[in-house]
Amino acid sequence: MGENLDRLKERLTEIRNLNQANAVLAWDQQTYMPPGGGPARAAQMATLARMAHEMSSSAEMGELIRVAASDVADLPADHDDASMVRVAQRDYDKFAKVPSSLIAELTTHGSLAQSVWAKAREENDFASFAPYLEKTIELSRRLAEYLGYEDHLYDALLDVFEPGMKTAQVRAIFDDLKRDLVPMVRAIADRVHRADDALLHQPFDEVRQEAFGRMAVEQYGFDFARGRQDRALHPFCTEFSVNDVRITTRFDPQWLNPALFGTMHEAGHGMYEQGVAQELDDTNLAGGTSLGVHESQSRMWENVVGRGRGFWQHFYPQLQETFPEQLNSVDLETFYRAINKVEPSLIRVEADEVTYNLHIMLRFEMEVDLLEGKYPVSEAPAVWNQKVQEYLGITPPDDTLGILQDIHWAHGTMGYFPTYSLGNILSLQLYDQAVQDVPEIPEQIARGEFDGLRGWLTEHIYRFGRKLEPNELVERATGQPLQSRSYMRYLQEKFGEVYDLQLTPA
Ligand code: ZN
């Protein structure tokens, strides 16, 4: 290929090297760094981030992309080189459109607002946080104007996390889902006695928890020769290369869930990163294509597989052997119901598979309304509480358990929340297609074999990295746009059985 393209590739590799070096520092910060390292680490990371940003947004970069475009003009759109130039252009447009003064303002606001928010949450004092939420809204509006949009201001913010996704598309999918989900949550709320999760809250030895979790995700196919697992207070997955992917886990010695399902979740993210084609590793196409597609992978391995009956038919005897005192008197069915217990609750991060999405929908709706200025920020807590009542049938007793629970708005981030639910919805659209293409997958899972599912995902999702935008990736993999029917059918079948309810699609 042409000389221009080679120069662009070289530059993109340098930028990736800076960013992944920064990822090593961030990983260390959250795993092993002693508290004393904080200030120096923040300065080191800021320097690397500034260098990467300068290189990414320079006029020289714009010129490199412009001339490289002629080298790839005759290649098909999904050729690696053509994709590299296209994605470089997309990233560059974003970097170059937003003035660095606004980026600086967002960063400063984020760190100020976070400490105010932490105190406001502790003291149940929304009024003190309100001016900062107003500022987040104002800065988000300005950011959206710079980024540009056709239909709705929110499109610009959403696009940062979910390239190509539109507000109208999300709204239609969420409205569809909500229509079935709200009555389903009501019906289950009357029958909560069917599942009891007390057995999951017992003393569970951490070393054994770790060994079991590791065994499970090794079976999934997370490659420990190209990855590691460490401990972190707020678990995450990060990659330094396709061949060096880090997952982290939090252990609770009194509760089985956080480490067990958390490990499966992060390994789902990790296998996506490990599955990106080797030849994309030092390019701008490495990594997952969006937060939503990433979350579809973590949720699939955590919930669809890891909370599925098939998985436990095979692995429950092993878990009983690992924790005989706690589980020998618990039969598989009781255990299966315990890990699939549904109960309307106030806190998003503790919500189950069914109610979780309603927490997300109310945040998405409020973000759009607040950006449109539909009501003043002072009324936001009341709107929040009314929506929780409408969707979940419960009311927050205070703002600490209501509108003040999440860090995102204090962070200055809007447009992020929908990706959580888009991931849930997509996880089933992809799983259904995988089973249609490879009908043996459910039987394989019940034998503790995952090559069929992981192979399909590698072929249709993982290997592309950032080459395809989410909508195109989904259409190519499943032959249709993102839809919530597969997901709703899954919830109705699975939880209809657990709660002995006749749940049918509306
Ligand atoms: Zn995740």
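Annotation note: Cβ proximity below 9 Å between a residue of the range 355-367 that is open to solvent by 10 Å² or more (accessible area, probe 1.4 Å) and a residue that is of a type in the set (Lys, Arg) (sequence gap 6+ or interchain) occurs for TYR356/ARG348; GLU365/ARG171; GLU365/LYS387.
Looking across THR249, THR238, THR263, one residue alone is of a type in the set (Ser, Thr, Tyr), within 16 Å of the ligand (Cβ to nearest atom), touching a residue at least 12 places away in the same chain (Cβ under 8 Å) and farther than 21 Å from PHE311 by Cβ. It is THR238. Among the residues making up the range 24-62, a single one is at pLDDT 95 or above, open to solvent by less than 30 Å² (accessible area, probe 1.4 Å) and of a type in the set (A, V, I, L, M): MET61. Within the range 230-250, being open to solvent by 30 Å² or more (accessible area, probe 1.4 Å), of a type in the set (A, V, I, L, M, F, W, C) and assigned to a loop (DSSP other than H, G, I, E, B) holds for LEU233, PHE236.
Set side by side, the residues VAL98, VAL170, VAL116 differ, and just one is open to solvent by less than 40 Å² (accessible area, probe 1.4 Å) and in contact with a Pro (Cβ under 6 Å, 6 or more places away or on another chain), which is VAL170. Filter the range 378-437 for residues that are farther than 30 Å from LEU453 by Cβ and within 16 Å of the ligand (Cβ to nearest atom); which is most open to solvent (accessible area, probe 1.4 Å)? Here the residue is ILE407.
Residues of the range 439-455 that are over 11 Å from GLY310 (Cβ atoms), in a helix (DSSP H, G or I) and open to solvent by 30 Å² or more (accessible area, probe 1.4 Å): ASP451, ARG454, GLY455. Filtering the range 268-292 to residues that are within 11 Å of the ligand (Cβ to nearest atom) and part of a helix (DSSP H, G or I) leaves GLY268, HIS269, GLY270, TYR272, LEU291, GLY292. The selection criterion, being within 13 Å of the ligand (Cβ to nearest atom) and in contact with a helix residue (DSSP H, G or I) (Cβ under 9 Å, 6 or more places away or on another chain), does not hold for ARG307. Kindly check whether there is at least one residue in the range 440-457 that is small (Gly, Ala, Ser) and under 28 Å from VAL182 (Cβ atoms). There is no residue in the range 440-457 that is small (Gly, Ala, Ser) and under 28 Å from VAL182 (Cβ atoms).
The values are calculated or read from the model by the stated rules, or taken from the named source; none is laboratory data. Because the structure is predicted, anything quoted here is derived from the model rather than measured. So basically every Cβ, Gly included, is an ideal-geometry build from the backbone, and we count neighbours across all protein chains shown. In case anyone asks, the SASA skips ligands and DNA or RNA and just uses the protein heavy atoms, side chains included. Shrake-Rupley method; radii C 1.70, N 1.55, O 1.52, S 1.80 Å.
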